[in-house]
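Below: the structure, in structure tokens.
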Amino acid sequence: SKTISKCYVQVTGMTCASCVANIERNLRREDGIHSILVALMAGKAEVRYNPAVIHPAAIAELIRELGFGATVMENCGEGDGILELVVRGMTCASCVHKIESTLMKTNGVLYCSVALATNKAHIKYDPEAIGPRDVIQVIKDLGFTTSLVKKDRSASHLDHKQEIRQWKRSFVVSLVFCIPVMGLMIYMMVMDRQLSDAHAHHNMSTEEMEALHSSMVLEYQLLPGLSVMNFLSFLLCVPVQVFGGWHFYIQASRALRHNTANMDVLVVLATSIAFLYSSIILLVAMAERAKVNPVTFFDTPPMLFVFISLGRWLEHVAKGKTSEALARLISLQATEATIVTLGPDNVLLSEEQVDVELVQRGDIVKVVPGGKFPVDGRVIEGHSMVDESLITGEAMPVTKKPGNTVIAGSINQNGSLLISATHVGADTTLSQIVKLVEEAQTSKAPIQQFADKLSGYFVPFIVAVSVVTLFAWIIIGFVDFEIVEKYFLGYNKSISAAEVIIRFAFQASITVLCIACPCSLGLA
């Protein structure tokens with residue numbers, strides 16, 4: 001049977017379920033990949049692959065090509081212990097060979113590769129037979145200095161602060177420009193209503209008529225065909241389109257480069273079409289020196305960007321909260337341990353401070369009052385009370401005497417204890433809890449997988465519908481103009497029927513795009 005390996009890839013830049021669907025769909029097509037599961041919250045992908053066909057770095061590259069950040073997570077090998085060391089003092093290839101051959105001869109080392117250029121050694125070992133400290137000792141005996149590659153314990157990849165800042169900024173920019181645009185729009189609506197009422201009643205006093213005309217200052221033309229209203233709307237719309245929509249454009253271009261359509265593509269399509277269409281109509285009106293001001297859609301982009309960037313911002317705040325819980329769990333882990341050597345009758349011969357990752361099975365670890373237990377183990381000597389509330393939720397301290405088990409991350413209270421390590425590294429209860437929480441965020445409900453699949457088809461479908469709408473109304477208009485006339489209220493009688501039809505058709509199709517924009521299905 002083919003061997004199947006498993007690797008984890010850290011993925012950044014995923015925003016919603018359709019991103020997840022996008023990654024999963026594209027990777028499943030690749031040769032050598034058996035299954036892939038992506039966690040939106042934990043920001044990691046679990047990939048089962050055939051190492052003869054593909055390797056983890058290539059998998060990460062495939063994800064990067066889809067427009068996301070991806071790095072292979074080295075420290076997720078199950079069963080085998082994996083050790084990353086920095087080795088100093090290597091001068092040439094023979095040093096490398098010396099280290100590799102000596103380690104490979106050592107019992108329990110399964111694989112070893114040393115890179116001269118980066119001074120790094122990558123070692124796989126069987127934790128039953130050998131431990132990280134033994135490996136380090138072997139290298140030291142050969143005359144090199146070595147230390148652990150520092151792992152990032154801060155769980156910084158769970159931090160959504162930067163995205164939160166980015167979307168908040170995007171939202172504020174859009175909002176600042178959106179409010180005046182909306183103000184202008186509402187003002188125009190009210191005035192139009194009054195005007196049409198005035199025309200309906202005809203019996204207005206001259207003062208009222210004058211008041212109305214002075215209020216139409218927004219319709220006053222700066223240049224032929226360019227009204228104050230349209231000019232202001234254009235000025236307010238440009239910064240939103242550029243600054244408010246910046247992130248959307250980046251994401252959309254990445255998606256399109258890979259022939260996939262996501263929510264950002266819809267947003268960009270709707271806003272760009274509305275913006276370009278309005279600008280072109282204005283230019284045409286100015287070229288024709290039109291007396292009547294054209295109807296523009298400059299109000300669409302700012303309002304869309306406001307709602308969507310607000311949604312994204314809230315979404316990242318919510319994600320940040322969930323991830324914070326994980327980060328808190330991770331922070332409960334101790335960073336150092338005191339390992340002691342015992343002589344006959346449990347006499348302390350020596351003790352040394354080491355990194356938690358260097359604790360091996362069977363080590364004797366000393367835990368002082370107030371200290372955290374670095375690993376799971378069994379008490380050999382000493383009596384104490386231990387606060388295990390992090391695991392059990394029980395606030396009362398538990399008595400520990402020789403023979404009792406202790407849990408990593410719990411806090412020793414009043415006595416000093418010597419414990420023998422039973423579970424270390426990724427096998428401790430705390431690491432397993434962290435892993436479970438991450439996996440719970442990784443695994444998906446069947447309905448969610450269904451929604452992810454749908455959202456992949458959703459975007460092209462909406463674009464198609466809006467194009468159909470456009471042509472349908474153009475055809476209807478040229479066949480039977482009365483229908484358009486009935487629905488397209490308040491158009492000026494002075495423009496040609498063809499232009500009325502095309503404007504109305506555009507308005508209808510842009511409306512379809514804009515309403516479908518906030519990929520409500522995918523998000524819900």
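The values are calculated or read from the model by the stated rules, or taken from the named source; none is laboratory data. These numbers were taken from a predicted model, which means no experiment stands behind them. So basically every Cβ, Gly included, is an ideal-geometry build from the backbone, and we count neighbours across all protein chains shown. All accessible areas refer to the heavy atoms of the entire protein, side chains included, with ligands and DNA or RNA removed. Shrake-Rupley method; radii C 1.70, N 1.55, O 1.52, S 1.80 Å.
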| said: Rounded to the nearest 10 Å², what accessible area does residue 49 have for a 1.4 Å probe in the complete protein model? | reply: 20
| message | Filter 319/435; 6/105; 44/372; 124/372; 105/140; 98/120 down to the pairs with a C-alpha to C-alpha distance above 24 Å, please. | response | 6/105; 44/372; 124/372
| field | Charged-residue dipole, Cβ positions (Lys, Arg, Asp, Glu), the stretch 81-148 about Cα centre, Debye nearest 20 | value | 220
| Once you charge only the Cβ atoms, +1 for Lys and Arg and -1 for Asp and Glu, what is the size of the charge dipole of the stretch 337-438 about its Cα centre, to the nearest 20 debye? | 220
| In terms of the Cα gyration tensor, with a ≥ b ≥ c the square roots of its eigenvalues, is the stretch 276-325 rounded because a/c is under 1.5, prolate because a/b exceeds b/c, or oblate? | prolate
| task | For the stretch 334-427, with all protein chains present and a 1.4 Å probe, just round the carbon and sulfur fraction of the accessible area to a whole percent. | result | 53
| task | For 401, 6, give the ranking by accessible area with the largest first, probe 1.4 Å. | result | 401, 6
| Cα-based radius of gyration of the stretch 316-414 once divided by 2.2 N^0.38 Å, which approximates compact folds | 1.24
| remark: For residue 46, the accessible surface traced by a 1.4 Å probe with all protein chains present amounts, in square angstrom to the nearest 10, to 30
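Residue 339: net charge of surrounding residues, Cβ under 11 Å, Lys/Arg +1, Asp/Glu -1, itself excluded? Numbers along the way, then the final one.
Numbers: positive: 133, 366; negative: 336, 351, 352, 355, 363.
Local charge sum for residue 339: -3.
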| remark: Karplus-derived 3J(HN,Hα) from phi for the stretch 20-35 (6.51 cos²θ - 1.76 cosθ + 1.60, θ = phi - 60°), whole Hz, x at Gly and Pro, runs 4, 4, 4, 4, 4, 5, 5, 6, 4, 6, 6, 5, x, 9, 8, 8
| At a probe size of 1.4 Å, how large is the accessible area of residue 434, to the nearest 10 Å²? | 20
| request: Compare 272, 416 by solvent-accessible area with a 1.4 Å probe and give them largest first, with all protein chains kept in place. | output: 416, 272
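Net charge within 9 Å of residue 406 by Cβ-Cβ distance, Lys/Arg positive one each and Asp/Glu negative one each, not counting residue 406 itself?
0
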| Heavy-atom accessible area ranking, 1.4 Å probe, most first, across 450, 248, 275 | 450, 275, 248
